[in-house]
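> Here you go, one structure.
The values are calculated or read from the model by the stated rules, or taken from the named source; none is laboratory data. What you are looking at is a predicted structure, and each value in this text was computed from that prediction instead of being measured. No Cβ is skipped: glycine too gets one built from the backbone with ideal geometry, and neighbour counts run over all protein chains shown. In case anyone asks, the SASA skips ligands and DNA or RNA and just uses the protein heavy atoms, side chains included. Shrake-Rupley method; radii C 1.70, N 1.55, O 1.52, S 1.80 Å.
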Amino acid sequence: MFSIGVYIRDKDRNRSLILEYGWAILCVVLVAAISAGCASTGGLRNMASLSKYFDKDTDVVWEAVLQAAEGLPIKTKDKEKGEVETQWIKGWSTTKTTGLLLEGQWQARYRLFVQVTGGQGKTYVSVYSLCEEKAPGGSRAYRWERTTSDGVTEQAFLKKLETYSTILEL
C-alpha cells in the first residue's frame, strides 16, 4: 500500500499516524489550491445585470418586454420560460480608440438576456448584457474580447420597459 507522509519510528504510534495523515491532508489542500487558481469558470462571464419588480400581471410585463425589444434582432423568445435573448448588436466603442493620430475605433457588440418571472401579483424582470470589443488593427482585430458592461444598455432597456408597461396597462 502506498502512503503519503513521513513515518517516524517512535514509541508512540499515534504520533506517526497523525504526521502521516497531516502530510496527506496538506498535499491535498495544496493541489486543490493550485488547481483552483488554474481552473476556468466557463459559461457566460463579464455580464452586468439590473433587475426590477413590477406591480403588474406577468402577461402585461411580457408584452411590454416584447414592445421594448422591438427593433432589436431577437434570437430566442420563450414566453413559458420567460426568456428573451437578442442576437449580437454591433456598434463602436465609446470608451476605446487608438488615439488622435491613427483615429481608429474599436468595434463593440452586446447581447441582451431578459428574464421575466411572476408570482403573487408581482413580476420580476432581470436584464443581463454580454459585451465584447475588438481592436481596429493588428492580430487583435480578428478576435472579440469580453468586457464588462457599464450598465447603460440595461438601464435604457428597463426604462423603456417601464414606459411600455405603463402604456399597456392603461
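> Which residue, of THR76, THR117, is open to solvent by less than 60 Å² (accessible area, probe 1.4 Å) and at pLDDT 90 or above?
THR76
> Right, here's the next one. Has region 142-149 got at least one residue that is under 21 Å from LYS52 (Cα atoms) and at pLDDT below 90?
Yes, some residue in region 142-149 is under 21 Å from LYS52 (Cα atoms) and at pLDDT below 90.
> How many residues does region 71-93 hold that are assigned to a strand (DSSP E or B) and either acidic (Asp, Glu) or out of contact with any Pro (no Cβ under 8 Å at 6 or more places or on another chain) (or both)?
Of the residues in region 71-93, 12 are assigned to a strand (DSSP E or B) and either acidic (Asp, Glu) or out of contact with any Pro (no Cβ under 8 Å at 6 or more places or on another chain) (or both).
> Further question on the same structure: Do the conditions hold for LEU100, that is, is it at pLDDT 75 or above and part of a loop (DSSP other than H, G, I, E, B)?
For LEU100, the condition - at pLDDT 75 or above and part of a loop (DSSP other than H, G, I, E, B) - is not met.
> I'm told TYR164 meets every condition in (1) at negative phi; (2) free of Cβ contacts under 8 Å to residues at least 12 places away in the same chain except one. Can you identify the failing condition by its number?
(2)
> Name the residues in region 47-70 that are open to solvent by 20 Å² or more (accessible area, probe 1.4 Å), assigned to a loop (DSSP other than H, G, I, E, B) and closer than 14 Å to VAL84 by Cβ, would you?
Passing the criteria: only GLU70.
> Another question, if that's okay. So which residues in region 156-170 are of a type outside the set (Gly, Ala, Ser) and either buried (at least 19 other Cβ atoms within 10 Å of the Cβ) or assigned to a helix (DSSP H, G or I) (or both)?
PHE157, LEU158, LYS159, LYS160, LEU161, GLU162, THR163, TYR164, THR166, ILE167, LEU168, GLU169
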